[in-house]
Amino acid sequence: MEAPKTLIEAVQYFSDAENCRQFMIAVRWADGIVKCPICQSEKVTYLEKAKVYRCYGKHPKQKFSLKVGTVFEDSPIGLEKWLPASWLLSNCKNGISSYELSKAIGVTQKSAWFMLHRIRLAMKEDHGDLTLGGHWQNPVEVDETFIGGKAVNKHLGERRQKERKTIVMGMLDRESRQIRAKVIPNVKRETLQAEILSHIGFNAYVFTDGHVGYDKLSEYKNFTHKTVNHINEYVNGRVHTQGIENFWSLLKRGLNGTYVAVEPFHMDSYVDEQVFRYNNRKGKTDAQRFTKLLSQVAGKRLTYAEVTGKVGGAEAF
């Protein structure tokens, strides 16, 4: 059977342990040569009966599976379930809840919840020094949004607690249609502008709404800063923030419709999930999105203690 192109093909394909093994080798090592995760030696042997590899280097843990060194490490759940779960999360437009996943692949809801958080960690991308923006035809839309329960559904005392809302800031490169978004602690000028300076390049055109936190942006990096006053209008020629606001609607649809209740501690990972799907939606098939996700599973680790906040805040979030 050829590599899967649809969900049903993926379920059938990855039900075979050998297919799982060959696929993981292909996405983890471009040259197709398995390397020991401890010493990086290529002198390893596959033990077919045990379905693990053995390294001949002199160090502890000479035997390892293909899950070692990835977000799947130390999981008793096999790749025949991990891979379809990854396919679902990378391709379901509004995400998939832990209850749905538990029924779909035959694990407990608690296990499915933990699996989804580990897969979201793999979705988080490192942009390095790559910045957004450029010429007039390639402006960057910048905006922030508040996420939380609707005030009408809350007790009067809770309505006054604005800190219950989680603030997410986002930037859209209009030419590449790439989004960057993250949770921020507040909407003070120094917070908003520090994020802009970190992600947007020299001489860029920056479009925002009239929030005072964006004032005086033109003083930095030779930015050309244009605003649209939402009290009077939403579009002024090319100046608008409709693109990033469209992303907010997608994000909130998933949070309100699929996940329902998300703790602020976990919000960044749900944002990473939607950003991954948004940035990989155009010109890519389901199989390509899935393969991109699997290419990012190595070198990342998330424990149950971290995801439940029982140890110091996980770097993933």
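A cut-off under 14 angstrom between Cβ atoms defines the neighbours of Gly106, and their net charge, with Lys, Arg +1 and Asp, Glu -1, is +1. Relative contact order, whole percent, for the stretch 140-262 stands at 24, derived from Cα pairs under 8 Å and 6 or more residues apart. Length gained on full extension, Arg281 to Tyr46, computed as 0.36 nm times the residue gap minus the Cα-Cα distance: 80.9 nm.
How big is the convex hull of the Cα atoms of the stretch 80-136, per residue, in Å³?
Numbers: hull volume 5.9 nm³, N = 57.
Hull volume normalised by residue count: 103 Å³.
Past the 17 angstrom mark, what percentage of all C-alpha to C-alpha distances in the stretch 140-262 do you count?
Pairs farther apart than 17 Å: 60 percent.
For the stretch 238-317, the pair-distance distribution built from all alpha carbon pairs, in bins 5 Å wide starting at 0, is 3, 12, 18, 19, 21, 16, 8, 3, 1, 0 percent.
By the rule of a C-alpha distance below 19 Å, with chain neighbours fewer than 8 residues away ignored, the lysines paired with Lys124 are Lys67, Lys93, Lys182, Lys252, Lys282, Lys284, Lys292, Lys300. Packing here is the average count of other Cβ atoms within 10 Å per residue, and on that basis the peptides 115-123, 288-296, 301-309, highest first, run 115-123, 288-296, 301-309. Here the stretch 66-92 is scanned for amide nitrogen atoms under 18 Å from the site 7 Å beyond the Cα of Ser15 along Cα-to-Cβ, giving 78-88. A P(r) calculated from all alpha carbon pairs of the chain, with 20 Å bins opening at zero, reads 28, 52, 19, 1 percent.
Since every read-out is calculated from the coordinates, none of them should be taken as a lab result. Source: prediction; values computed, not measured. Reconstructed Cβ throughout: ideal geometry from the backbone, glycine too, with neighbour counts over all protein chains shown.
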